[in-house]
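What follows is a short report on a single structure.
Here, each number is a calculation from the coordinates, and none is a lab measurement. Here the structure is a predicted model, which is why all the values come from computation and not from measurement. Neighbour counts are summed over all protein chains in view; Cβ atoms, including those assigned to glycine, are modelled from backbone coordinates with ideal geometry.
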Amino acid sequence: MAELEVRSLTHRYGAKHMPQVTAVKDVSLRVQAGELLGVIGHTGSGKSTLIQHFNGLLTPTSGEVLLDGENIFRDKQATRAARFRVGLCFQYPEYQLFEETVYKDIAFGPRNMQLPQDEIDRRVRRAAQFVELPDALLEKSPFDLSGGEKRRAAIAGVLAMEPEILVLDEPTAGLDPKGRETILSLVADYRRQTGSTVILVSHSMEDIARLATKALVMNRGEVALYGTVDEVFSQGERLVAMGLDVPAVTRIFLSLRERGLPVRTDVYTLEQGAAEYLRLFGKGARA
């Protein structure tokens, strides 16, 4: 599995001799093999711009992106190789479905890798199995699928390239609670079964708290916080000050602190909330 490193990356939009907008400014981070990095930030914070550099879709104005120590912008061959090693699934990926059948859509990436047909078939069926799409759906038009099935088929198209790093930009956007939970469970299962590195962009702090090993908080194009989930989510007041929607349990304990109760505010899961409640009120509070 690959290690991803970003060094002093800056990206500006706008042509030369025209006003430019800095979308990402001097970002540095390292994602170790097998980690699940959660990327958080409000709209316009630079999240999507940043992740599009990870497989060379965007070229930095300055700075580097390294895969296993090699700059992916070294030459065209390195950039092309990165696009297969780092799989990027955009927000609302089902809008990118275009082939006659689900099978052909999932096979599009492996075909571009110029793999033999038997290997393409193996990858398509394995990816479909990962996202729980039955074989009976593979010969259907992707436009005949339900919304949730389309989302899973689009994700399968990225998984079929068997990337060493899987990058998902808001993979649950627009889904109902059941569909949301299905996608997140599939992502967690995929990482557990393959050992792949996963980078998950999400507006949901609860999802990041539950799934991630590390968290990156972007604010106005810069790194505001970066560290383990415990390190980042222990700073609930800073997250709120940035306009982020912290987990509900964190909001409760921040409110209790404002009311004068001597509670911890680095609480972001229900289990931590229950433990803090028992610490304050004792075992008799169970009733």
| request: Go ahead and run the numbers for FRET between Ser141 and Asp68, Cβ-Cβ distance against an R0 of 45 Å, rounding to 0.05. | output: 0.70
| Magnitude of the charge dipole, the chain, Cβ model with Lys/Arg +1 and Asp/Glu -1, debye to 20 | 580 debye
| Computed FRET value (nearest 0.05) for Lys16 with Glu222, which takes r as the C-beta separation and R₀ as 22 Å | 0.40
| Counting alpha carbon pairs within less than 8 Å and at least 6 residues apart, what relative contact order, in whole percent, applies to the chain? | 21 percent
| field | Structure-derived percent of Cα pairs over 33 Å apart - corresponding label in (1) 19; (2) 36; (3) 29 | value | (3)
| remark: region 102-178 and region 1-19 have their Cα centres apart by a whole-number Å value of 29 Å
| field | All lysines inside 17 Å of Lys25 as judged from Cα atoms, apart from same-chain residues fewer than 8 positions distant | value | Lys47
| For the chain, what is the mean residue ellipticity at 222 nm derived from helices alone (per DSSP H run of n ≥ 4: -39500 (n - 2.57); sum divided by total residues; nearest 500 deg cm²/dmol)? | -11500 deg cm²/dmol
| remark: Of Leu186, Leu137, Leu270, the most mobile residue in a GNM of the chain (C-alpha springs, cutoff 10 Å) is Leu270
| remark: Connecting every pair of Cα atoms under 10 Å apart in the chain and solving the GNM, the largest mean-square fluctuation among Val24, Val240, Val124 falls on Val240
